[in-house]
Ligand code: 3DU
């Protein structure tokens, strides 16, 4: 049985902290932290602030931090990134499935049950359909065989979320990017079997981030959120 590195879902929203600096992201998180379950950091933020930004966000906002570093190298390099995330207080790290079974097995071993490995499957941009979509189901099968904590799925393609859920079974988390600015809808993600919607610009670029976060949740809860 896997540990629940993200805890039990409450709002089912992962906030993509994609603004350039810690301070910019913190200003948004101060407003919306009650409406999200997990904070996701990307490579530009980690470059800008250093890996300690992971622990800083976790400690300040008391939320698990998911390092979406899209690890995609040979095993001995991949495992260094996995350890960097674990040693800096992360809860999970995104690793591309196309690195193959040996690299993924080494990542799981390096994670040492301290952080979850989430497999990137299919990119949400139109070009993601060219190379990543055709291999995504095979990668999902590999994720299930390796008992990974979860997979990514394109939140703007609910039919693909449903396909991936049917392949990996009920237990792994599915994190679905592409909700909001890229056209995906939170309710469609949940109906299709996704565990979390990843939302960046639809919250942090909104005039009123709190109202935006509440609106995204409304579609899940079907009642006003106060
Ligand atoms: O479109 P948004 O602003 O909500 O941001 C989406 C986030 O999800 C962003 O951090 C991006 O790097 C990530 N993501 C995708 O958009 C698509 C993927 O296939 C994987 C991750």
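If the chain linking residue 70 and residue 129 were pulled fully straight, counting 0.36 nm for each residue of separation and taking away their Cα-Cα distance, it would gain 19.5 nm.
For segment 1-159, DSSP calls about 0 percent of its internal beta bridges antiparallel.
Ordering 6, 61, 131, 15 from the fewest to the most neighbouring beta carbons within 10 Å gives 131, 61, 6, 15. Ordered by the number of other Cβ atoms lying within 10 Å of each residue's own Cβ, fewest first, 190, 218 fall into the sequence 218, 190. Given only helices, namely DSSP H runs of n ≥ 4 each adding -39500 (n - 2.57), what is the per-residue ellipticity at 222 nm of the chain, to the nearest 500 deg cm²/dmol? My calculation for the chain gives -13500 deg cm²/dmol from helical runs alone. For segment 144-220, relative contact order (Cα pairs under 8 Å, six or more residues apart, normalised by length) works out to 28 percent. Once you sort the root eigenvalues of the Cα gyration tensor of segment 1-70 as a ≥ b ≥ c, which label holds: rounded (a/c under 1.5), prolate (a/b larger than b/c) or oblate (the other case)? Oblate is the answer for segment 1-70, as a/c is 1.5 or above yet b/c matches or exceeds a/b.
Just so you know, all these numbers are worked out from the coordinates, no wet-lab data involved. Treat the numbers as computed from the prediction; the structure is a model and nothing was measured. Cβ coordinates were reconstructed from backbone atoms using ideal geometry, including for glycine residues, and neighbour counts include every protein chain displayed.
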